[in-house]
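Okay, structure first, notes after.
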Amino acid sequence: MLTTTIDIAEKYDYLSERFQKAFDFLKNTDFSRLLEGVIPIDGDYVFAQVQVYETKPAEECRFEAHRKYFDIQFMADGEEYMGFYPLKYLEEDTSYDDKNDLQFYHMPKDYGRILLRTGDFAVVSPDDGHMPRSICSMRQKVKKIVVKVAVD
């Protein structure tokens, strides 16, 4: 699922060579063998972060965004809700951390959310605020692969 606004529909090329490398990695990797950490795919342009964590209530999660990378958030095992909201409407909570390409935002009153189950993914652009790690039906341990794809 890719969701965006018509104003920026043509801003990014989701079929570029970098995205193809990311999708090839996701299609051809045995995630049961991967340990937590960073896996290089194409230098600083495309790499994966293997994450294992327990989901938590939405009120304990935070909206975040990135400037230098897209996220392809792929659920390797488990399920979670991921909130989303256009970045231009979110209020900053922290300053931008250039080293980690990360900024946090205040929780909006209303926001959309999607359910990611094993095998599902969502593409998050730098124009998207997103809130991962939220409980679906109960707390559970999940394994997620976040593939980072450089914007330029």
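The values are calculated or read from the model by the stated rules, or taken from the named source; none is laboratory data. Just so it is clear, the model here is predicted, and its values are computed rather than measured. Virtual Cβ from ideal backbone geometry, glycine too; neighbours counted across all protein chains shown.
Residues of region 132-150 include at least one that is modelled with pLDDT under 95 and among the hydroxyl-bearing types (Ser, Thr, Tyr).
Examine region 50-58 for a residue that is among the acidic types (Asp, Glu), crowded, with 17+ Cβ neighbours inside 10 Å and touching a residue at least 40 places away in the same chain (Cβ under 8 Å), and state whether such a residue exists. Looking for residues that are among the acidic types (Asp, Glu), crowded, with 17+ Cβ neighbours inside 10 Å and touching a residue at least 40 places away in the same chain (Cβ under 8 Å), one finds none in region 50-58, hence no. Taking residues in region 86-97 that are in contact (Cβ under 8 Å) with a residue 12 or more places away in the chain, and partners anywhere that are surrounded by 10 or more Cβ atoms within 10 Å (Cβ to Cβ) and of a type in the set (A, V, I, L, M), the pairs with Cβ atoms closer than 6 Å and at least 6 places apart or on different chains are 87/65. Scanning region 2-20 for residues that are free of Cβ contacts under 8 Å to residues at least 40 places away in the same chain and in a helix (DSSP H, G or I), we see that the one that is surrounded by the fewest Cβ atoms within 10 Å (Cβ to Cβ) is 6.
Table: residues versus (1) loosely packed, with under 15 Cβ neighbours inside 10 Å; (2) at pLDDT below 95; (3) within 16 Å of residue 144 (Cβ to Cβ).
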| position | (1), (2), (3) |
| --- | --- |
| 29 | no, no, yes |
| 32 | yes, yes, yes |
| 37 | yes, no, yes |
| 42 | yes, no, no |
| 63 | no, no, no |
| 70 | no, no, yes |
| 91 | yes, no, no |
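Quickly run through region 121-145 and pick out the residues that are surrounded by fewer than 18 Cβ atoms within 10 Å (Cβ to Cβ) and of a type in the set (Lys, Arg). If the condition is that a residue be surrounded by fewer than 18 Cβ atoms within 10 Å (Cβ to Cβ) and of a type in the set (Lys, Arg), then 139, 141 are the ones that fit.
Scanning region 116-139 turns up at least one residue that is farther than 24 Å from residue 89 by Cβ and of a type in the set (A, V, I, L, M). Restricted to region 25-49, and to residues there that are touching a Phe, Trp or Tyr at 6+ places or on another chain (Cβ under 7 Å) and either free of Cβ contacts under 8 Å to residues at least 40 places away in the same chain or charged (D, E, K, R) (or both), the residue that is nearest to residue 141 (Cα to Cα) is 38. Just to be sure, is residue 116 outside any strand (DSSP E or B) and of a type in the set (A, V, I, L, M)? No.
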